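For reference, the structure discussed in these notes is given below.
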Amino acid sequence: MFGAVVVGIGTAGWVRIRDMLNPHPGSLAEKLCVRGLVSRRNLKTEQGVNQISLEEALSREDIHAAFICTENISHDNNVRVFLEAGKHVCVEYPMTMSYKSALELWDLAERKGVILHEEHIELLTEDYKLLKKEVEGKTLQEGSLHFTGGALKPGFGFPAFSGIARLTWLVDLFGELSVTAATLEEDSANGYTKMTAKLMTADNRPLTWVEERQSGLPRAKKVSFIFDTCTLTQIPPAPTGTVGLFMQDMIRFSAKLSGQVSPEELEREKSRILHCLEVADRIQQLSQS
Ligand code: NAD
């Protein structure tokens, strides 16, 4: 069994506790056992799980892993202290707010011999799995992905990082990307932001990624992918899967802890994650220059 602690009890942290208390039967999630929660608030208990101090979480020998579910800007520090203490870490995306610190954290995890896992539930949805199948074997000419959603709470950072799930889709579908231009429109009086990033695939096909947020904007993704043979303008709808997204992610984390994910697969995942964070970093630099 792997004892675990959940750090940050917002939406994601609450789901992590729920899923460890009710693991998918017969799955590797059954190997994870929640032993406490860490919060800046005085919660005492949540779903029957006791609040413990950060110091206790870091020092207890029966705690082997931490789920970092705080707002994005504090991921870096939280991940770092648990890795330093020799604990495995599952961090909700994005791992950090800079490529440089992501490299440092990965290096630290490797030196400590522990697993560093970044959650990517957007790759686990049935819609995405179907989209990926539709795209496979086609040659992209050009494309765009336009995300809209409500305003984010403070602490979620620059849109290229808070929206890393969309970038991860593009990289997973079309391979490594370079950034040719990026802008950020902001109207702080109305809580409006719009980031536009111009990207290029390895074979010089242009992709545009837009993240637009304002209170009241419906959460939606519009795609337009023009291929040599057809154009795709809708994410194919698929029935919701039977295993929850965070549960699927937890099973994957547990598989890594149990040594059931091959080194080649771990390496592929690491390079995709680091590539996305590097692209996000570049988009931020270009938008702010
Ligand atoms: P959240 O705003 O619900 O919680 C984030 C943090 O805010 C937590 O540490 C929580 O303790 C703190 N918090 C929330 N309410 C608070 C309050 N009233 N007083 C003091 N602290 C409070 O955000 P979230 O949706 O759980 O996101 C957490 C992380 O998970 C983020 O990195 C996000 O990118 C990632 N994530 C979330 C989802 C999702 O569906 N919610 C999906 C994928 C990734």
Dividing the alpha-carbon radius of gyration of the stretch 231-289 by 2.2 N^0.38 Å (N being the number of residues), what value is obtained?
-> 1.62
Magnitude of the Cβ-charge dipole (Lys and Arg +1, Asp and Glu -1) of the stretch 172-242 about the Cα centre, nearest 20 debye, reported as 220 debye
So how compact is the stretch 57-99: Cα radius of gyration and Dmax in angstrom?
-> 10.2, 32
Can you list the HN-Hα couplings for the stretch 203-217, worked out from phi with the Karplus curve (6.51, -1.76, 1.60; θ = phi - 60°), rounded to whole Hz and with x for Gly and Pro?
-> 9, 6, 9, x, 10, 10, 10, 10, 10, 10, 9, 6, 3, x, 5
Which three lengths, in whole Å and largest first, does the stretch 163-272 cover when its Cα atoms are put on their principal axes?
-> 48, 36, 27
So, for the Cα atoms of the stretch 112-231, Rg and Dmax in Å stand at 15.5, 49
Rg(Cα)/(2.2 N^0.38 Å) for the stretch 139-210, N = residue count = 1.17
Which value, to two decimals, describes the C-alpha radius of gyration of the stretch 1-132 once divided by 2.2 N^0.38 Å?
-> 1.04
With charges set only on the Cβ (+1 for Lys and Arg, -1 for Asp and Glu), what does the dipole of the chain come to about its Cα centre, in debye to the nearest 20?
-> 480 debye
Given the chain, longest segment not containing exposed loop GluC sites (Glu not before Pro) (DSSP; at most 10 other Cβ within 10 Å) = 137-289
With respect to the cross-link table entries Lys129/Lys221; Lys112/Lys132; Lys222/Lys256; Lys222/Lys270, which display a Cα-Cα separation exceeding 26 Å?
-> Lys112/Lys132; Lys222/Lys256; Lys222/Lys270
With charges only on Cβ, +1 for K and R and -1 for D and E, what is the dipole size of the stretch 1-160 about its Cα centre, in debye, rounded to 20?
-> 300 debye
Checked against the positive end of the charge dipole of the chain (+1 on Cβ of Lys and Arg, -1 on Cβ of Asp and Glu, about the Cα centre), the farthest of Gly163, Thr231, Ile52 is Ile52
Points 7 angstrom from Cα along the Cβ direction at Tyr192 and Leu21: gap in nanometres?
-> 4.3 nm
As a check on your grasp of the helix formula, calculate [θ] at 222 nm for the chain: sum -39500 (n - 2.57) over DSSP H runs of n ≥ 4, divide by the residue count, round to the nearest 500.
-> -11000 deg cm²/dmol
Share of Cα-Cα pairs in the chain lying beyond 28 Å, as whole percent | 39 percent
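Computed from the coordinates by the stated procedures, all read-outs in this text should not be read as laboratory data. These numbers were taken from a predicted model, which means no experiment stands behind them. Every residue, glycine as well, gets a Cβ built from its backbone with ideal geometry; the counts of neighbours run over all protein chains shown.
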